[in-house]
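Student: Before I ask anything, let me first share the structure, which is written out below as structure tokens.
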Amino acid sequence: MTNLAEKAVELREWIIRALASAGSGHPGGSLSAIDILTVLYYQEMDITLENYDQKDRDHFILSKGHAAPALYTVLADEGFFHKEELLDLRKFGCHLQGHPDRIKTRGVDTSSGSLGQGLSIANGLALAKRLDGIEKNVYILLGDGELQEGQVWEAAMTAAHYKLNNVIAFVDNNGLQIDGTNDEVMGVQDIGKKFAAFNWKVLTANGHDFDSLTAAIGKAKAYDGGPTVIVCETHKGKGVSFMEDQVGWHGKAPSQEEADQALAELKEAF
């Protein structure tokens, strides 16, 4: 069985390497979300290289598409493409674009990057599974700043109306976005109460604690009354001391010197 904590550190190292090689990208949100992706891909979801081309499996949507480095590192580790390709992130001719493209990159279920659209896509996939009699789930990761988009709430209303109990959403609630804190830009709290008002089952978790995430996902899978959201408290840039909770690391790649410092810190984690 995969040691989730060790795997998350390994994935963080690849995120740093890829971004340093690219010279651009989004470390903060990738590092805040990677523990959630680790639990999902290595423990909870039924998505494998072998069943990827089948309908009878789970689906995952990275709605906050700028965290693509997190998704790419997982997919490479799972064998969807070679890990060395991560070092070509964002480079001309590479399929690993700044935001995920399902046509170009095997393993990506939905192209994303235009914030606010992912939950609508999740609803469509969930309804299709219902019509096809497929008892699998659609998992979606939203950013907290992304909740400022109105389409999210139209989709939230739709999911609740159709009682889509096969939609399980995660909110990466790190409190920061590109221009500052969420509260400064456009306040989104109380996130849980907002989803509850739209008739969603609301759960909370520590987004960096694997037991907390596992327990919340178990409750979400067991709930059959409609869609569930897990509001995950996270830290932007988690795992790298000089990036943690710093808004400036939303969309700035580390220099090679900074990457070396980050990798040294991560190596000390175990």
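The values are calculated or read from the model by the stated rules, or taken from the named source; none is laboratory data. The structure displayed is predicted, hence computed values, not measured ones. Counting neighbours? That spans all protein chains shown, and the Cβs are built from the backbone with ideal geometry, glycine included. In case anyone asks, the SASA skips ligands and DNA or RNA and just uses the protein heavy atoms, side chains included. Shrake-Rupley method; radii C 1.70, N 1.55, O 1.52, S 1.80 Å.
Student: Counting only DSSP beta bridges with both residues in the chain, tell me the antiparallel percent, nearest 5.
Tutor: Details: 2 of 24 bridges.
Once the DSSP bridges in the chain are tallied, antiparallel ones form about 10 percent.
Student: List the pair-distance distribution P(r) of the range 73-130, using every Cα-Cα distance, as the percent of pairs falling in each 10 Å bin from 0 up to the bin containing the longest distance, rounded to whole percents.
Tutor: 21, 45, 27, 7
Student: Compute the helix-to-body angle for 68-77: its Cα long axis versus the longest principal axis of the chain, expressed 0 to 90° and rounded to tens.
Tutor: Rounded to the nearest ten degrees, it is 90.
Student: Here's a follow-up. Relative to the longest principal axis of the C-alpha atoms of the chain, give the angle of the C-alpha long axis of helix 4-22, reported between 0 and 90° and rounded to the nearest 10°.
Tutor: Helix 4-22 sits roughly 60 degrees off the main axis of the chain.
Student: Could you provide, to the nearest whole Å², the per residue accessible area of the range 125-187 with probe 1.4 Å?
Tutor: Details: 2800 Å² over 63 residues.
Accessible surface, normalised per residue, equals 44 Å².
Student: Need one word for the range 1-123: rounded, prolate or oblate. Basis is the Cα gyration tensor (sqrt eigenvalues a ≥ b ≥ c); a/c below 1.5 gives rounded, then a/b vs b/c decides. Intermediate values should be presented prior to the final figure.
Tutor: On the way: a/c = 1.38, a/b = 1.12, b/c = 1.23.
The shape class here is rounded.
Student: Keeping the other protein chains in place, figure out the carbon and sulfur percent of the accessible area of the range 2-158, with a 1.4 Å probe.
Tutor: Numbers: 2690 of 5750 Å².
Result for the range 2-158: 47 percent of the exposed heavy-atom area is carbon or sulfur.
Student: Taking the Cα centre of the range 1-159 as the origin, how large is its charge dipole in debye, to the nearest 20, when only Lys and Arg (+1) and Asp and Glu (-1) carry charge on their Cβ atoms? Don't skip to the end; give the middle numbers.
Tutor: Details: 15 positive and 23 negative charges, 72 e Å.
I would put it at about 340 debye.
Student: Under the rule a/c < 1.5 gives rounded, and otherwise a/b versus b/c splits prolate from oblate, where does the range 219-261 land using the Cα gyration tensor? Mind showing how you got there, number by number?
Tutor: Working: a/c = 3.97, a/b = 3.56, b/c = 1.12.
It is prolate, given that a/c is not under 1.5 and a/b is the larger ratio.
Student: Only one of the values (i) 18.9; (ii) 18.4; (iii) 20.3 was calculated from this structure for Kirkwood radius over Cα pairs in Å; name its label.
Tutor: Identified label for the calculated read-out: (ii).
Student: Here is a further query. Roughly what % antiparallel, to the nearest 5, for the DSSP beta bridges in the range 80-220? Kindly include the intermediate steps, with their values, before the conclusion.
Tutor: Details: 2 of 8 bridges.
Among the beta bridges of the range 80-220, antiparallel pairing accounts for roughly 25 percent.
Student: At 222 nm, what value in deg cm²/dmol follows for the chain if DSSP H runs of at least 4 each add -39500 (n - 2.57) and the sum is divided by all its residues, to the nearest 500? It would help to have the intermediate numbers written out before the result.
Tutor: Values: 9 runs with 106 residues, N = 270.
When only DSSP H runs of four or more count, the value is -12000 deg cm²/dmol.
Student: Sorted by average packing, counted as other Cβ atoms within 10 angstrom per residue and highest first, what order do 160-168, 98-106 take?
Tutor: Values: 160-168: 20.6, 98-106: 15.7.
Sorting 160-168, 98-106 by mean packing, highest first, produces 160-168, 98-106.
Student: State whether the range 83-199 is rounded, prolate or oblate according to the following rule on the C-alpha gyration tensor (a ≥ b ≥ c being the square roots of its eigenvalues): a/c under 1.5 gives rounded; otherwise a/b larger than b/c gives prolate, and the remaining case gives oblate.
Tutor: Working: a/c = 2.62, a/b = 1.15, b/c = 2.27.
Note, shape of the range 83-199 comes out oblate.
Student: For an R0 of 22 angstrom, estimate the FRET efficiency from the Cβ-Cβ distance between Glu6 and Phe81 and round to the nearest 0.05.
Tutor: Efficiency for this residue pair is about 0.50.
Student: Quick one: angle between helix 150-161 and the longest Cα principal axis of the chain, in degrees between 0 and 90, rounded to 10, please.
Tutor: 40 degrees
Student: Now, a different point. Could you rank the peptides 2-8, 227-233, 50-56 by their average count of other C-beta atoms within 10 Å per residue, with the highest value first? Please list the in-between numbers first.
Tutor: Working: 2-8: 16.1, 227-233: 25.4, 50-56: 11.1.
Packing order, densest peptide first, comes out as 227-233, 2-8, 50-56.
Student: Now for a separate question. Which value, in debye to the nearest 20, gives the size of the charge dipole of the range 121-227 about its Cα centre, when Lys and Arg are +1 and Asp and Glu are -1 at the Cβ?
Tutor: Working: 9 positive and 14 negative charges, 137 e Å.
The dipole of the range 121-227 has a size of about 660 debye.
Student: Further question on the same structure: Which pairs, out of Lys7/Lys201; Lys64/Lys252; Lys55/Lys83; Lys64/Lys136, put more than 20 Å between their alpha-carbon atoms? Spell out each step's value before the answer.
Tutor: On the way: Lys7/Lys201 30 Å; Lys64/Lys252 16 Å; Lys55/Lys83 26 Å; Lys64/Lys136 22 Å.
As for pairs spanning more than 20 Å Cα to Cα, those are Lys7/Lys201; Lys55/Lys83; Lys64/Lys136.
Student: Here's something else I'd like to know. To the nearest 20 Debye, how big is the dipole of the chain about its Cα centre, given +1 on the beta carbon of each Lys and Arg and -1 on that of each Asp and Glu?
Tutor: 760 debye
Student: When ranked by the protection proxy of mean other Cβ atoms within 10 Å per residue, highest first, what sequence do the peptides 197-204, 261-268 form? Provide the component values of the computation, followed by the final result.
Tutor: Numbers: 197-204: 18.2, 261-268: 15.1.
In descending order of packing, they fall as 197-204, 261-268.
Student: Please find the FRET efficiency linking Glu265 to Cys94, where r is the Cβ-Cβ separation and R0 is fixed at 22 Å, and quote it to the nearest 0.05. Working shown, then result.
Tutor: Numbers: r = 27 Å, r/R0 = 1.25.
Computed FRET efficiency for Glu265 and Cys94: 0.20.
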